[in-house]
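Handing you a structure now.
The values are calculated or read from the model by the stated rules, or taken from the named source; none is laboratory data. Keep in mind that what you see is a predicted model, and the values were worked out from it rather than measured. As a convention, Cβ positions derive from the backbone with ideal geometry for all residues, glycine included, and neighbour counts pool all protein chains shown. In case anyone asks, the SASA skips ligands and DNA or RNA and just uses the protein heavy atoms, side chains included. Shrake-Rupley method; radii C 1.70, N 1.55, O 1.52, S 1.80 Å.
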Amino acid sequence: MDVRVGDTLQMKKKHPCGCDLFLVTRSGMDFKLRCQQCGHEVMIPRVKAEKHIKKIIRPEEA
C-alpha cells in the first residue's frame, strides 16, 4: 500500500474523540498518525494500520 507523509487516512474505526481522519506524519515500519480533530498522536505498526485503512486522501485531491 502506498502511504506517504502528508496523506490523510480515513480509517474503518473511529478515534475515541469521534473522528476517523488521521494525518500521516511518519511512515516506515511504523506509522505515526495525528488525529485531525483532537491532535492526539499515535504510532502503530504498518501491518495493523494497513488493515484498518478505508480510504487514502492525497493532499492534491483535497
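Percent of accessible area on the chain owned by carbon and sulfur, 1.4 Å probe?
53
Moving on to the next point. Which order do ARG34, ARG46, ARG58, ARG26 take by accessible area at a 1.4 Å probe, largest first?
Ranked list, largest accessible area first: ARG26, ARG34, ARG46, ARG58.
Can you show me the helix-derived [θ] at 222 nm for the chain, built from DSSP H runs with n ≥ 4 at -39,500 (n - 2.57) apiece and divided by the number of residues, rounded to the nearest 500.
Calculated at 222 nm, the ellipticity per residue is -3000 deg cm²/dmol.
Same structure, new question: From largest accessible area down, sort ASP7, ASP2, ASP30, ASP20; use a 1.4 Å probe on the protein chains.
ASP2, ASP30, ASP20, ASP7
Evaluate the Kirkwood expression for the hydrodynamic radius of the chain, namely the inverse of the mean inverse distance over all pairs of different C-alpha atoms, and round to one decimal in Å.
About 11.4 Å for the chain.
Under 12 Å from a label point 7 Å along Cα→Cβ of MET43: give me every residue in the stretch 1-26 with its amide N that close.
Within reach of a label on MET43, which here means backbone N under 12 Å from a point 7 Å along Cα→Cβ, the stretch 1-26 contributes 26.
State, as an integer percentage, the relative contact order of the chain based on alpha-carbon contacts under 8 Å between residues 6 or more apart.
Relative contact order comes out at 36 percent.
Report the local net charge at LYS12: Lys and Arg +1, Asp and Glu -1, summed over other residues whose C-beta lies under 14 Å from its C-beta.
+4
Count the net charge of all other residues whose Cβ sits under 10 Å from the Cβ of GLU41, scoring Lys and Arg as +1 and Asp and Glu as -1.
Once positives and negatives cancel, what remains is +3.
Just reorder GLU60, GLU41, GLU50 by solvent-accessible area, largest first, 1.4 Å probe, all chains present.
Result of the area sort, largest leading: GLU60, GLU41, GLU50.
So, one more: How charged is the neighbourhood of THR25? Take every other residue with its Cβ under 15 Å from the Cβ of THR25, and add Lys/Arg as +1 and Asp/Glu as -1.
Its environment carries a net charge of +2.
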